[in-house]
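Just below is one structure, and these are the notes that go with it.
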């Protein structure tokens, strides 16, 4: 049973190179797959040159930048043709700092349960899992005004209390770092490529649930995640909000079966949120 690391790169070859080099030091992974998500710099060339002498590392070039979901699917399709169904796949962003103890714990938990879903650990100073709230509750508590004025209440409703148990069942796990078997990713048909940047984790959780699997956070383990810096530096707050709204709308319609008439409420709230962000921008003189 092999252990495979899948990492997605976009215009960030320096960080990806360091991440893979650190991973090699563990002598834990049997194979590492780097997917360059059609970077518009020389990432693919740099990464290929850096690791061309490593027989257990392959650098793939995606034909286009199809976002987090599409890029990882490209890598998973490669794995599906070359590895066994019970091999364990670790999917991680290059801005995550792994540790060997956490990796070994994840591998042990996955091998103990053939019906397991996705497995991750706690993340230092971040949330690594959250609850599936359903349509009506989520559209209200995730609105700009609710999060602005009732932030602590939002955190209490959206996220789990501190997870300290060895194996804590959760609804949705972070996409920054998790592991599962290759057969599980094949069974749930990987990621949904119709989203870009947001809601990929919620969709994965939905697919895991209908496959009668349970996801977990290992509360006794922890990794570090830098998180979000590249996205925020490239896209404005308003642009990110618009992309999020589109991804949410797709998720509500496709996976929760919300009809157009019921989506009107979300459209009103999301449009109001965008208007508030424009007002904020004007008041800040930007």
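The numbers here are math on the coordinates, done by the rules we state, and not lab data. Everything numeric here is computed off the predicted structure, so don't read it as measured data. Quick reminder, even Gly has a Cβ in these numbers, built from the backbone with ideal geometry, and neighbours come from all protein chains shown.
Some points to look at:
- For region 42-122, projected area of the alpha-carbon convex hull averaged over all directions, nm²: 6.9
- Across region 106-182, C-alpha contacts under 8 Å between residues 6 or more apart give a mean separation that, scaled by the residue count, equals a relative contact order of 50 percent.
- Model label sites at residue 211 and residue 30, defined 7 Å from Cα along the beta-carbon direction, differ in position by 1.9 nm.
- In nm, spacing of pseudo-spin labels at residue 97 and residue 126 (7 Å Cα→C-beta vector): 1.3
- Along its three principal directions, the equivalent ellipsoid of region 142-286 from the Cα gyration tensor extends over semi-axes of 29, 20, 16 Å, largest first.
- Contour excess over end-to-end distance, with Cα ends at residue 282 and residue 18 and 0.36 nm allotted per residue: 91.0 nm
- Cut-off 18 Å, label 7 Å out along Cα→Cβ of residue 149, residues of region 244-286 by amide N: 269-280
- Percentage, to the nearest whole number, of Cα pairs in region 158-199 over 13 Å apart: 70
- Equivalent ellipsoid of region 1-136: semi-axes from √(5λ) of the C-alpha gyration tensor, largest first, are 24, 19, 16 Å.
- Rounded tilt (10° steps) of 237-254 against the dominant C-alpha axis of the chain: 80
- Taking the C-alpha atoms only, the angle from helix 100-112 to the longest principal axis of the chain is near 90 degrees.
- Based on Cα atoms of the chain, Rg over Rh with Rh as the Kirkwood radius reads 0.97.
- Short to long, the 10 Å bins of the Cα pair-distance histogram for region 107-155 hold 20, 33, 28, 16, 3 percent of all pairs.
- For the chain, calculated [θ]222 nm from helices alone, where every DSSP H run of n ≥ 4 adds -39500 (n - 2.57): -14500 deg cm²/dmol
- Taking a ≥ b ≥ c as the square roots of the eigenvalues of the alpha carbon gyration tensor, region 4-58 is prolate, as a/c is not under 1.5 and a/b beats b/c.
- Protection proxy ranking of 18-26, 78-86 - average other beta-carbon atoms within 10 Å, highest first: 18-26, 78-86
- Helix 200-210 axis, angle to the chain major axis (alpha carbon atoms, nearest 10°): 80
- Whole-angstrom gap from region 175-232 to region 252-267, using each part's C-alpha centre: 23
- Short-range pairs are left out: with C-alpha atoms under 8 Å and at least six residues apart, the relative contact order of the chain is 21 percent.
- Length-normalised contact order of region 142-286 in % [C-alpha pairs under 8 Å, at least 6 apart]: 29
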